[in-house]
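The values are calculated or read from the model by the stated rules, or taken from the named source; none is laboratory data. Quantities reported herein were computed from a predicted structural model and do not represent experimental measurements. Virtual Cβ from ideal backbone geometry, glycine too; neighbours counted across all protein chains shown.
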Amino acid sequence: MNPLNAIGAVTMHFDEKDVFLGTAFCYKSSRFLLSSSHVIPDNPRLIAVTFPYTGKILVPTKMARHDNSDVVALSCTEGHVNNRDVEGIECFQSITKDLKLADDFITYGYPEDISMDKKPTPTPRVFKGYFQRFFTYSSSRGKYPAIELNIPCPKGLSGSPIMVYGNVSSIVGIVSENVETSSELHEEEKDASEKFIYRKVINYGVAVRLSDVEEWIEEHYAERDS
């Protein structure tokens, strides 16, 4: 399997232009996709998922959001003209449950770059890192089991699949967001009225751990054509 053929860029046509939203990917079927819930608008028919390596475009016709986790399931029924030709689109086949701290992972998605004309454009990139923590993450949607990644996850990478290095046909998580924090490195006092504190900004990624929502995913996969 070539994972690049399973991962697409999510865009929405708004105000006579295409707005890039994030990343999505196919799971078990070329017409069933997963992404981060915060990437997808309430009406999925407003978006398109483009697969640059195959030249195909899918238009979701049905959507389900998980109650707590930052996960959304998208179905692309054949009734829409764009969804009839899926030749060349591949899909991930399973979810890996057995994870260990410091396991290597890779992810691929479409983080934004700001071009010379200040226009955000998606740039396909591969990211590689390791798992540095398994924990319960508290977000605006609720609490859910998550994976902390040792790399930053820039805007646009949300919705990308996390794969254990060496097993790219199986997924372990979905990139959710980037967290920024800081660490105090040095404090310097010039005089009684001036004090300088030097801090290092630290970014790391958060991903939804899919083994904990696998049952929910399988339920919506079974209902994808209904």
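Quick look at the numbers
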| item | result |
| --- | --- |
| Filter result for Lys97 (crowded, with 16+ Cβ neighbours inside 10 Å and basic (Lys, Arg)) | no |
| Members of the range 78-91 found to be in contact with a strand residue (DSSP E or B) (Cβ under 7 Å, 6 or more places away or on another chain) and either surrounded by fewer than 18 Cβ atoms within 10 Å (Cβ to Cβ) or farther than 21 Å from Asn5 by Cβ (or both), listed by number | Asn82, Asp85, Gly88 |
| Enumeration of residues in the range 33-74 that are surrounded by 23 or more Cβ atoms within 10 Å (Cβ to Cβ), touching a residue at least 60 places away in the same chain (Cβ under 8 Å) and farther than 18 Å from Lys155 by Cα | Ser69, Ala73 |
| Hits in the range 142-159 (condition: assigned to a loop (DSSP other than H, G, I, E, B) and either in contact with a strand residue (DSSP E or B) (Cβ under 6 Å, 6 or more places away or on another chain) or free of Cβ contacts under 8 Å to residues at least 60 places away in the same chain (or both)) | Asn150, Ile151, Pro152, Cys153, Pro154, Lys155, Gly156, Leu157, Ser158, Gly159 |
| Any hit, the range 72-79, residues being small (Gly, Ala, Ser), modelled with pLDDT of 85 or more and not assigned by TED's automatic domain parsing to the domain that holds Met163 | yes |
| Residues within the range 145-184 that are at pLDDT 95 or above, surrounded by fewer than 18 Cβ atoms within 10 Å (Cβ to Cβ) and under 13 Å from the mean Cα position of the chain (by Cα), tallied | 0 |
| Thr136 being more than 22 Å from Tyr110 (Cβ to Cβ), part of a strand (DSSP E or B) and either modelled with pLDDT under 90 or under 15 Å from the mean Cα position of the chain (by Cα) (or both) | no |
| Residues satisfying the stated conditions in the range 160-179, i.e. in contact with a Leu (Cβ under 8 Å, 6 or more places away or on another chain) and in a loop (DSSP other than H, G, I, E, B) | Val172 |
| Of the criteria (1) assigned to a loop (DSSP other than H, G, I, E, B); (2) in contact with a helix residue (DSSP H, G or I) (Cβ under 8 Å, 6 or more places away or on another chain), which one Asn68 fails | (2) |
| Members of the range 43-65 that are closer than 14 Å to Cys91 by Cβ and assigned to a strand (DSSP E or B) | Val49, Phe51, Lys56, Leu58 |
